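Structure first, then comments.
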Amino acid sequence: MIEIPPRIRVRYTKTGRIKYTSQRDNARAWERALRRARLPVAYSEGFSPRPLLSFSLALPTGCESEAEYTDLRFGEAPDGAADAVVGNGWTPESVTELGHQLGELLPGGLDVVATAALEGSGGSLQEEVTSCFWIVEVTGMSAAQLTDRVEALLSAAQVPIERVRKGRKVIDDLRPSVLSLTTEGTGSSPGTRRLLAELATKPRGVRPAELLAGIDPAIRLVRASRTAQWIDVDGNRHEPLTTDGRVGGAAAEMATERGR
Amino acid sequence: MPSVFEQIEPILFGVERPARYVGGEMGAQEPEHGPGIVSWLLAYPDTYEIGLPNQGLQILYEILNERDDAAAERTYAPWTDMEAAMRAEGIPLFSVEGHLPAHEFHVMAFNLSAELTYTNVLNMLDLGGIPIRTEDRGALDTIVIAGGHCTYNPEPLASFLDAVVLGDGEEVVSEITVVVGEWLAMDATTRSRLDLHRLLAGVEGVYVPSLYQPIFDGPRQVGLEILDPAAPSVIEKRTVADLGDWPYPMNQLVPLTEVVHDRLNVEVFRGCTRGCRFCQAGMITRPVRERPAAQVAEMVARGIERTGYDEVTLTSLSTADFSGIEQVVAGVVDDPAHGGRVSVSLPSLRVDAFTVGTAAKIQQVKRTGLTFAPEGGTWRMRRVINKLISDDDLFAAVDAAFSQGWRRIKLYFLIGLPTETDADVLGIAELGARCVEIGKRYHQTVTVSASVGGFVPKPQTPFQWYGQNSVEELTRKVVLLRNAARATRGLTIKWHEPAATGAEGIVSRGDRRLGDVLEQVWREGGIFQEWSEHFDLSKFQQALSDHGLRMEDYTTRDRDLDEVLPWDHLSAGLHRDFLVGEWLDAIEEVGVEDCRWTPCYDCGACTTYGIEHVVASNEPPAGGSQGTGQGLDLGAPVPVLLGRPGG
């Protein structure tokens, strides 16, 4: 019976064919993997208990990612139902190993990169992440045209785009959410151009397709990949969990305070 | 074979739910194709979400891929947005494993579970680059086969199918693989389609429509000419004698994206002898063959461990009838390895208080609604259809359910049954009101919902001669019932679209002339007809009329007992005398007992094939009730009212 911390954060990538699954599909894949791993996942209370796992900002269906995160919470399991127990007998290495084992049980294309223990209960991924980096590959426009349109967007005071929210069409201003946007040569397949963007997640996230609608509706999305998610702490950007296993954000501060 | 994946990738961003086109399920296989290997494309003529869980298809997928001389992949009907994009880009229907074009496979085999999917079969052939009509296929074209419950009258699709399989597929797929392999080994410049058809006709349980020519006179079929000496005069179904020999699927597919019945499924028995006279599944799958309880337990334990699912469905036509069901359920629910987090669901409950106790055990994890299927609103009606649930049994079951904490009860009924009067229809509302009354003894508010489907007579059943209710008559009865139910708060009536019942009725007992009709409906865009947003009865009516046929001849017309039926040459083992006797008893309101626990009345299913029931206990289940036996077989028709899953 191995011992594990009460909370862990897992960083993973989503690449290849599995990018066509939705965030909901992704959550279900995690739930199945956790049951197979026989870990004492904590469940919600109530009529239809669900495992307590939380994700960062939903990745749109069809997009890849180099930086996805899931926070897992463990608790008590009935006798015989789990092969691990919450306790102090863990090390950063044993937690990393736990993450690798979970990765083996996830569908191909969801690959665990790093895993670390989380201290305390603060630091919700949804609330903390403030912006994301994206690489977006597009067609339907020449390089010069695309550069023009990008410059036009950046110099505009407002960029109204139509979105559907709760079944209703609303007009949102895209401009404040575009923190940076540059064109960057050709994409990975012929005839495509590459855009690099930093998009804010507050008050609500912007999808690559919505960014393109704001640049020019004639542009067609070919490929999009989230390359990073950022937590802003006093003007400095931190990743929720670096590829070498360092935790960022509120959970990190708590760890520092406790001298860990 | 060339993969089309690179071609479909650019269009996947623009279609709904793209995950259904990429495969990648846990349990998916990547079989090798090559010389000496017969390649099968197993097809379900509906969306991925509906088709993927189909257990029959998954069983054959595993059996074929275990063979050295076969390779099987799968395909499903692309949704309309995907199909439009594929046709615009010239991309053929493809398999979800290797993304190989359908026309590259040697055999394309459809699972036919619902009549309203037939136009999708034509669409998938066409999209796959396969000539839709058998007569237009040559020595190099894909061989088109169908299996599944609807094949007990395949005549409406006969012009499009090289061969049709009757009954259980576990053994016959291997035999077909061998003869197809023989044909493929012949010189491609000299071998003919007729050679293939003769070889296939020699396999027991395989019907080759092109070797038979129906003869018509007016609205009726009056004969069947056998065109080739290789063609048997009667084709007998295939039956697996012992389910314990076939513990499949061993690696149930776990899809990347959500599908219907998204949980572990373990088939606990096949066949049902409750004897409900409207139920085709209960007639064509006899006798009862139980899986050994130890094997069930092992399949459940291994399946949960392998898949990570937290729910298992024990499937069959009437799972509460499985010998020792309580112990099996308790074994799953109380298994310490599951930590109280694995729930069991039964696709159908028997209507009695005892069964509700089992349900309480089952649903201690998640207590959702309880469903019973009395099917008939009055005791008289239930005697006609031989669903012998007394009012007392029903009310005791409902009382037990409400007293044990349930607040929602769902009841299934059929309307348009033989001898039905308005009193029988109104009996549904009265029965529903009584259930609400019982519920109020235990809870302040309760919900009783009655789902009402229009009855479509099916081939190979005692009701195969009965002229079904017209669309107008069904509509009148629905209105009658709805108005009567308004008086009871807490009782809601849901009904299946009568027009869809009408269309299903055309095809259910249709003859070979309907091939032209189905082709026209398809050519005019009539696909996904079991989906309410696409269903259009007028396309069927127009096509019938354009071909000089009348809807009423296929639907509301009572067949004469001595009339030739289009499926007379296809046998589920049932003696004609048995079916006729049951039909006459129905009219006399006389019931028949379940032959699992009473002496054999020789329906023919066992005696024709020299097989017997395989049951662990010959004692009828406790509780005193007759059974349900409703037609909730896997892959049963998706009611049009449901709309899109999850949407």
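Look at the dipole of the protein assembly as shown built from charges on Cβ: of B:48, B:214, B:94, the Cα furthest out on the positive end belongs to B:48.
Rounded to the nearest 10 degrees, the angle from helix B:55-66 to the longest Cα principal axis of chain B is 40 degrees.
Placing +1 on the Cβ of every Lys and Arg and -1 on the Cβ of every Asp and Glu, with nothing else charged, gives chain A a dipole about its Cα centre of roughly 1000 debye. Here is the list for segment B:392-458: chymotrypsin sites (Phe, Trp or Tyr not before Pro) lying in DSSP coil, each with at most 16 other C-beta atoms within 10 angstrom of its C-beta, are B:442.
What FRET efficiency comes out for residue B:141 versus residue A:15 if R0 is 56 angstrom and r is the Cβ-Cβ distance? Round to the nearest 0.05. Calculated value: 0.90. Quick check: the angle from helix B:293-307's long axis to the longest principal axis of chain B, C-alpha only, nearest 10 degrees? With rounding to tens, the tilt is 70 degrees.
For chain B, relative contact order (Cα pairs under 8 Å, six or more residues apart, normalised by length) works out to 16 percent.
Our summary gives segment A:128-233 a relative contact order of 46 percent, counting only alpha carbon pairs under 8 angstrom and 6 or more residues apart.
In a DSSP loop and with at most 14 other Cβ atoms within 10 Å, the trypsin sites (Lys or Arg not before Pro) in segment B:284-381 are B:366. Report the paramagnetic label zone for residue B:80: residues of segment B:497-514 whose backbone N is under 18 Å from a point 7 Å from Cα along the Cα-to-Cβ axis. Taking a point 7 Å out along Cα→Cβ of residue B:80, the residues of segment B:497-514 whose backbone N falls under 18 Å are B:500. Look at the stretch B:337-343: the mean tally of other chain Cβ atoms within 10 Å of its residues' Cβ atoms is 5. Extension gain for the segment residue B:576 to residue B:186, taken as residue separation times 0.36 nm less the Cα-Cα distance, is 136.3 nm to one decimal.
In this label model, residue B:408 and residue B:584 are separated by 4.7 nm, measuring between points 7 Å along each Cα→Cβ vector.
Classify segment B:66-204 as rounded, prolate or oblate, taking a ≥ b ≥ c as the square roots of the eigenvalues of its Cα gyration tensor: rounded when a/c is under 1.5, otherwise prolate if a/b is larger than b/c and oblate if not. Cα axes put segment B:66-204 in the prolate bin.
Decide, for the protein assembly as shown, between rounded, prolate and oblate: order the square roots of the alpha carbon gyration tensor eigenvalues as a ≥ b ≥ c, take rounded if a/c falls under 1.5, and otherwise choose prolate if a/b is larger than b/c, else oblate. Prolate, because a/c is 1.5 or more and a/b exceeds b/c.
Under the criterion of Cα pairs below 8 Å and six or more residues apart, the relative contact order for chain A equals 24 percent. Applying a DSSP loop filter and a limit of 12 other Cβ atoms within 10 Å to the GluC sites (Glu not before Pro) in segment A:9-95 leaves A:45, A:76. Taking each of A:166/B:440; B:410/B:539; B:361/B:458; A:19/A:202; A:14/A:169 in turn, the alpha-carbon distance tops 28 angstrom for A:166/B:440; B:410/B:539; B:361/B:458; A:14/A:169. Remark: the Cα gyration tensor places chain A in the prolate category, a/c being 1.5 or greater and a/b exceeding b/c. Rounded to the nearest 10 degrees, the angle from helix B:118-127 to the longest Cα principal axis of chain B is 30 degrees. Shielding of peptide B:11-20 by partners, expressed as the average count of other chain Cβ atoms within 10 Å per residue Cβ, is 5. Along chain B, counting only GluC sites (Glu not before Pro) with a DSSP assignment other than H, G, I, E or B and at most 11 other Cβ atoms inside a 10 Å radius, the longest segment between sites is B:33-532. Dividing the helix sum by the residues of the protein assembly as shown, where each DSSP H run of 4 or more adds -39500 (n - 2.57), gives a mean residue ellipticity at 222 nm of -8500 deg cm²/dmol. By the Cβ-Cβ criterion of under 4.7 Å, the unpaired cysteines of chain B are B:150, B:272, B:435, B:595, B:600, B:603, B:606.
Computed from the coordinates by the stated procedures, all read-outs in this text should not be read as laboratory data. These figures come from a predicted structure and were not determined experimentally. Because the Cβ atoms are built from the backbone with ideal geometry, glycine has one as well, and the counts that use them run over all protein chains shown.
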